[in-house]
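Here the structure comes first, spelled out in structure tokens, and everything after it is commentary.
The values are calculated or read from the model by the stated rules, or taken from the named source; none is laboratory data. Fair warning: this is a prediction, and the values are worked out from it, not measured in the lab. A quick note on method: Cβ atoms are made from the backbone with ideal geometry, for glycine too, and the neighbour counts reach across all protein chains shown. Just so you know, the surface numbers come from the protein's heavy atoms only, side chains and all, with ligands and any DNA or RNA stripped out. Shrake-Rupley method; radii C 1.70, N 1.55, O 1.52, S 1.80 Å.
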Amino acid sequence: MRDSVTYGWAPRCEDERLLRALRDSDLWHSDMLEEKARDGWLALLNDPDLDGDEFTEKCEEVYDKYTGAIETWGLFLRQEREGLRGVPVGAVPDGRHVEPVPHDEEASDAVPVTDGSSEPDATERFLNVAVVWPLSRVVIPSDRLLASGRTYELRVDIGGLEPGSLLAAQAEAFPDNSLDHTDDDGSGDWLQVTVVSDDLRLPAAQHWLFLPREGASWVCHCQPGGRHTCEEGHRGRHLHIPFVAPEEPGPARLRMFVSYRGNQLQSVTLTTSIAADEGPGGATTAAVDYTLTSGFAALSELPRRSAAVRVGRQDGAMTIDVTAGGGPLATFWLSEHQVVTALEQARAALFACHAEFRVEGGASRPVNLLDANHGKDFPALLRDMTRLARLGWTLYQMVARSRPEREALRHVLREPAEIQVCRTELNDLVFPWALLYDNAVESDAALEPCAAGWERVRQDPTARSCPEGAVHPLNTLCPYGFWGFRHIIEQPPSVRRGRRIRLRAGREGTRPSLTVARSHALAGDVATRHLSVLRGSFAELRVCDRKQALRQSLTDTPGDCLYFYGHGRRPQAGEVSTPTVLEIGGTDRILPEDLNAWGEDPGWDGWERVAPLVFLNGCHTADHDARSWLPFVTAFAGLQAAGVVGTEITVEQGLAGRFAERFWELLLAGHDVGSALHQVRMELLGQGNVLGLAYTAYCSAALRLSFAS
């Protein structure tokens, strides 16, 4: 029922004309529009003292503040479409903002020709991202400058490939029937969209899209994860997220993540140009920089994740965004110097827990500090843990700089959680996540051991929480204060187009085989015993001690698992492409470039079928300044390995062998990588050794061997 109103003055701007029409429509009284939004707009309509510019500004303030206002206005404009084409309703009518190029709304859903001769299948669905003027929702041309201080909207949807989408060049269709459709009785899936920026002002809110079994996504006011009670006419075609351009001219960036059950499916970076006024000469671009699973395939197989960390690289710095179900928790950047320094400190602290360099005979040599059982007595262990806790508290403050951020992070991650760390493509910066310590400690105070926490470690190596974790006072030393002892942390690499994250490694139906790349520089008796243990666990053990023998073995009959048992060395002259090379045999060395070259052989196509798990075990203490495995992680991911496990530091040979034996044992017994890694860490800790924190999984923590007893 319409409520027609008479006004005592003519509309002062186009916004006022449209708002009056909205008030006279049925939408004004819908449950979609919040009461406070309705009151705010009504106050503007009844205020005779505002000029046109002031009316537009205050109208947009209400629009930006309330989600219902955004959806109501969108539905209203669709009803009034014929009279609104090409008009940026929110534009200030003083000449600052030039009218946009006329845009045919009816053509916006058409599928463009991609190669000059054929069109994509009309049933295919794509992720579309565009920047639009508010209220009119007209797409802003990508070569247009945005005006400083002005409000715009990021438009997001999944559906037919749209001509205005900034991701059109990277478009990849969603595979048909790839989802298990767990939400709303199997009718589709709720996807969360999170947007953060250091430059643009954005609402601190979570945003949701519903992706049905067929057709385009929509937005509505139903509870995410639950059943739909909305009427089809109340659903929006696009998700619109308002943002305000910065006052300072120049480039501005935002980062957008599309997530499912806490899994960060895809990360997009958008860059735009800001000037004092709108006009030609700008450049708005967007690029997908991380993909967990191509085309959002097989989402139902992904286990739920408590929080996601997106690690990017921008202008020589590392950007870190921490998100959870409620939206952004922390977003910040660290200079490359800060990241490198933090990593060096972390690795040096870990190394000092098991070895130190002493001068003997005029030369500096590493001396093992562990006992015959690869551990230390409890007082020595507490000294190691105290040193790591002080460093871990400093690292934690780098991730959550303010008290509200730390409290928000603790709220989400107080209990044992599963954390997904997503490193964007072509990014070689890493952070020691396992060493983060979130119990507050002072730099010079004595730390009091938590008796309940240490008893839990001794009694149950699978436990991930302290019975008194919620009441730890200042300067408490509890093992479960470390993220690596309380949480499962996974770091899956970005997958290439057409591929998906691996949750199974090796062949099905047969007990796994192991291919070993061995260094001759290892202690012979220790190596012999270690390989004998592994031979008794795997169906077949193939040992390679020459580079070409390894290549031939991996090409002809790739094993289900690949194990590098030897040195990670510094590059020699001419080996400048990577910080670490792998030593095999006596003098042979393997670079990531070698792996990529081997992958050109058609015989390596078998890797895609087998998808082996790779373990890089740096089992020697001679390399004091630890190097990164990331180039090898990237190379193996490109060759379709299911995942890579590696050490953050070089480890004493006996300890490295013991860790690997127990890790493989748990995997063969049916554990996934995350639980196996955690259990070995805790078993070592119970024996007086903290170096389980030195091992990192670059894969899904849910990865399992395809066949296990």
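Worth a mention:
- Annotation note: Cβ proximity below 8 Å between a residue of the stretch 377-391 that is without any contact (Cβ under 8 Å) to a residue 60 or more places away in the chain and of a type in the set (D, E, K, R) and a residue that is crowded, with 17+ Cβ neighbours inside 10 Å and assigned to a helix (DSSP H, G or I) (sequence gap 6+ or interchain) occurs for R387/A349.
- Scoring R253 on the criteria (1) at pLDDT 90 or above; (2) within 23 Å of L135 (Cβ to Cβ) leaves a single failure, condition (2).
- Residue match in the stretch 488-506 (condition: surrounded by 15 or more Cβ atoms within 10 Å (Cβ to Cβ), more than 24 Å from A635 (Cβ to Cβ), β-branched (V, I, T) and touching a strand residue (DSSP E or B) at 6+ places or on another chain (Cβ under 6 Å)): yes
- Complete set of residues in the stretch 522-567 that are within 17 Å of V581 (Cβ to Cβ) and touching an Asp or Glu at 6+ places or on another chain (Cβ under 7 Å): R546, K547, G566, H567
- Screening the stretch 545-556 for residues that are open to solvent by less than 50 Å² (accessible area, probe 1.4 Å) and under 36 Å from the mean Cα position of the chain (by Cα) and picking the one that is farthest from L639 (Cα to Cα) gives K547.
- For the stretch 418-432, the set of residues classified as open to solvent by less than 40 Å² (accessible area, probe 1.4 Å) and either of a type in the set (D, E, K, R) or in contact with a helix residue (DSSP H, G or I) (Cβ under 8 Å, 6 or more places away or on another chain) (or both) consists of I419, V421, R423, L429, V430, F431, P432, listed by residue number.
- Residue match in the stretch 517-539 (condition: more than 30 Å from R305 (Cα to Cα), crowded, with 20+ Cβ neighbours inside 10 Å and polar (S, T, N, Q)): yes
- Scanning the stretch 679-702 for residues that are touching a helix residue (DSSP H, G or I) at 6+ places or on another chain (Cβ under 8 Å), over 15 Å from L503 (Cα atoms) and of a type outside the set (A, V, I, L, M) returns Q679, R681, E683, G686, G688, N689, G692, Y695, T696.
- Qualifying strands (runs of 3 or more DSSP E) (wholly inside the stretch 324-388; at least 2 residues being more than 30 Å from P203 (Cβ to Cβ)): 355-360, 363-368
- Search result, residues across the stretch 435-470 that are part of a loop (DSSP other than H, G, I, E, B), in contact with a Leu (Cβ under 9 Å, 6 or more places away or on another chain) and open to solvent by less than 80 Å² (accessible area, probe 1.4 Å): L436, D438, N439, A440, V441, A445, L447, C450, P461
- Scanning the stretch 658-684 for residues that are without any contact (Cβ under 8 Å) to a residue 60 or more places away in the chain and basic (K, R) yields a count of 1.
- Looking across H678, H671, one residue alone is modelled with pLDDT of 95 or more and in a loop (DSSP other than H, G, I, E, B). It is H671.
- Close Cβ contacts (under 9 Å, 6 or more residues apart or on different chains) running from residues in the stretch 284-300 that are at pLDDT 85 or above to residues that are assigned to a helix (DSSP H, G or I) comprise A286/Q170; A287/A169; A287/Q170; V288/Q170.
- Options F76, F55; residue that is at pLDDT below 85, over 33 Å from the mean Cα position of the chain (by Cα) and open to solvent by less than 20 Å² (accessible area, probe 1.4 Å): F76
- Selected residue (only one of T331, T341, T386, T394 is modelled with pLDDT under 80 and either under 32 Å from the mean Cα position of the chain (by Cα) or at positive phi (or both)): T331
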